[in-house]
Amino acid sequence: MLACSAKDEIKRPNNELGRSRVSVYTGLERRSGQNRREQNLPMFKRIFFNGIRESVRRIEDRNCIVIFDRYKPSLFIAIMIVLGLSLLDALFTMILLSQGAKELNPVMRYFLSHGPRTFILAKYGLTVLSVLIIVFVKEAFSTRYRVSTDIFLHLFAAFFGSVVVWEFYLLFF
């Protein structure tokens, strides 16, 4: 999936009828006759085990937001660490609140006023949303600013890790 502005679209040469031009090739035919784009893979298998796009191939796609169906395992691990630490942070926050602590974040305090379930869902949902945004703009951001967005996920993991360590210290020491 590509998301580009109209000025980023590629102009293709067309003839009068609106069809692209066809060249005639008279050499040796090496194609097998099967169309590689017509693979009937189940969606689960295609997404998790046999995705097709892993990186940007065209120069004009590098400034666009490109959603791939195949990512590096290190990115998956970083995402799981961030999401796991976010849930652990929410759990430790709920325990600390039951012992008399106060929530200092006004946004989370608002969700906390609607109950613990709403608080945990909002905390986890906002974390998932921010991670998805980072993953989706990964290629465009890293190409434009020459900074890998994997660094942001590692910074998120370090931030949540330090918060969890602090809450663990408050709970048990």
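Here are the numbers for this structure:
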item: Residues of segment 86-117 classified as free of Cβ contacts under 8 Å to residues at least 40 places away in the same chain and either in a helix (DSSP H, G or I) or within 24 Å of the chain's Cα centre (by Cα) (or both), total; result: 15
item: Flag if ILE120 is open to solvent by 50 Å² or more (accessible area, probe 1.4 Å) and either in a helix (DSSP H, G or I) or modelled with pLDDT under 95 (or both); result: yes
item: Some residue of segment 76-85 being at pLDDT below 90, open to solvent by 90 Å² or more (accessible area, probe 1.4 Å), outside any loop (DSSP other than H, G, I, E, B) and more than 20 Å from PHE152 (Cβ to Cβ); result: no
item: Qualifying residues in segment 123-173 (those that are assigned to a loop (DSSP other than H, G, I, E, B) and open to solvent by 90 Å² or more (accessible area, probe 1.4 Å)) - the one modelled with the highest pLDDT; result: PHE173
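The values are calculated or read from the model by the stated rules, or taken from the named source; none is laboratory data. Everything numeric here is computed off the predicted structure, so don't read it as measured data. For neighbour counting, all protein chains shown are included, and Cβ atoms are generated from backbone atoms with ideal geometry for every residue, glycine included. Side chains are part of the model used for accessible areas, which takes the heavy atoms of the whole protein and leaves out ligands, DNA and RNA. Shrake-Rupley method; radii C 1.70, N 1.55, O 1.52, S 1.80 Å.
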